[in-house]
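**Q** Below you'll find the structure I mean.
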Amino acid sequence: MRLERRAAMATLLTDRGDDLLVIPGLGSTAWDAAAAGDNDRNFYLWGAMGGAAMIGLGLALAQPKRRVAVITGDGEMLMGLGSLATIGIRQPRNLAVIVFDNGVYGETGMQPSHTQSGVDLIGVAAACGIGTSLDVRDESALRDLARRLKNLRETLFARVLIATDEPPRVLPLRDGIALKNRFRAAIGVKP
């Protein structure tokens with residue numbers, strides 16, 4: 001049984017605190033983060049497929065006193081797979097990369113993704129040097145991941161196995177300049 005993605009996102013972002021910065025990947029993870037409660041500390045990526053993990057890495061290095069969670073899908077992670085090697089080398093203690101894996105490319109028509117054919121994202125993350133690489137398949141493991149995210153003190157990778165459901169879209173702000181400005185203001189960076 002797979003987890004319902006919108007409920008999984010809500011579990012991860014409930015009581016997130018003021019120091020958690022969230023980089024949702026494009027598509028369903030962005031809509032689910034917005035549905036969980038739009039927040040000025042969410043930096044939504046529109047059209048930056050494959051870039052979420054590297055943006056999260058840069059942010060984690062630039063803001064070492066804040067927790068950073070990249071929450072993206074399997075398709076985007078597959079496109080930016082090389083980012084896990086750089087993250088594994090840098091090992092920012094304040095970065096979590098969480099992949100919602102439904103086994104399909106949801107944005108382009110539900111074609112099977114490579115995770116359905118055996119690509120093991122957890123194994124890749126571990127091979128890249130990310131010591132804590134979790135396989136989240138049930139509510140108990142999801143709650144454990146949420147606890148770890150609240151007390152993040154090490155580089156973490158998690159694959160969350162989710163259903164291919166398609167709840168109604170909740171679209172966040174789409175204006176890139178406005179998103180940048182509100183995010184920067186939320187973290188105290190002057191224009």
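The values are calculated or read from the model by the stated rules, or taken from the named source; none is laboratory data. Computed from a predicted structure; not experimentally measured. Cβ: placed from backbone, ideal geometry, glycine included. Neighbour counts: every protein chain shown. The accessibility values were calculated without ligands, DNA or RNA, using every heavy atom of the protein model including side chains. Shrake-Rupley method; radii C 1.70, N 1.55, O 1.52, S 1.80 Å.
**Q** Along its principal axes, what span do the Cα atoms of region 141-191 show, with the longest given first and each in whole Å?
**A** Projected onto its principal axes, the Cα set of region 141-191 covers 40, 34, 14 Å.
**Q** Using helices alone, what [θ] at 222 nm do you get for the chain, with -39,500 (n - 2.57) per DSSP H run of 4 or more residues, divided over all residues and rounded to the nearest 500?
**A** Calculated from helices alone, the mean residue ellipticity at 222 nm is -11000 deg cm²/dmol.
**Q** For the chain, what does the accessible surface come to per residue with a 1.4 Å probe? Please give it in Å².
**A** Each residue of the chain exposes 46 Å² on average to a 1.4 Å probe.
**Q** Pairwise over distinct Cα atoms, reciprocal of the mean inverse distance: report the Kirkwood radius of the chain in Å, one decimal place.
**A** 16.3
**Q** Using a 1.4 Å probe on the protein heavy atoms only, what accessible surface does ARG148 show? Give it in Å² to the nearest 10.
**A** 80
**Q** Could I have the simple spin-label model distance between ARG93 and ALA185, label points 7 Å from Cα toward Cβ, reported in nm to one decimal?
**A** A separation of 3.3 nm, rounded to one decimal place.
**Q** What lysines could a cross-link reach from LYS150, if we take a straight Cα to Cα line under 22 Å and drop same-chain neighbours fewer than 8 places away?
**A** Once the sequence-local lysines are set aside, what remains near LYS150 is LYS65.
**Q** Excluding TRP46 itself, calculate the net charge of residues whose Cβ lies under 10 Å from the Cβ of TRP46, where each Lys or Arg counts +1 and each Asp or Glu counts -1.
**A** My count for the surroundings of TRP46 gives 0.
**Q** Given the protein chains as shown and a 1.4 Å probe, how many square angstrom of PHE100 are accessible, to the nearest 10?
**A** Surface accessible to solvent at PHE100 totals approximately 10 Å².
**Q** Classify region 23-99 from the C-alpha gyration tensor, please: rounded if a/c falls under 1.5, else prolate or oblate depending on whether a/b exceeds b/c.
**A** It comes out oblate by the Cα gyration axes.
**Q** Still on this structure: Taking a 1.4 Å probe, which of MET77, MET1 shows the most accessible area, and what order do the others take after it?
**A** MET1, MET77
**Q** Ordering THR155, THR11 by how much accessible area each has at a 1.4 Å probe, largest first, what is the list?
**A** Ranked from most to least accessible, the order is THR11, THR155.
**Q** Quick one: pull the percent of accessible area on the chain belonging to carbon and sulfur, 1.4 Å probe, ligands and nucleic acids left out.
**A** Accessible surface attributable to carbon and sulfur in the chain totals 54 percent.
**Q** Compare GLU166, GLU154 by solvent-accessible area with a 1.4 Å probe and give them largest first, with all protein chains kept in place.
**A** GLU166, GLU154
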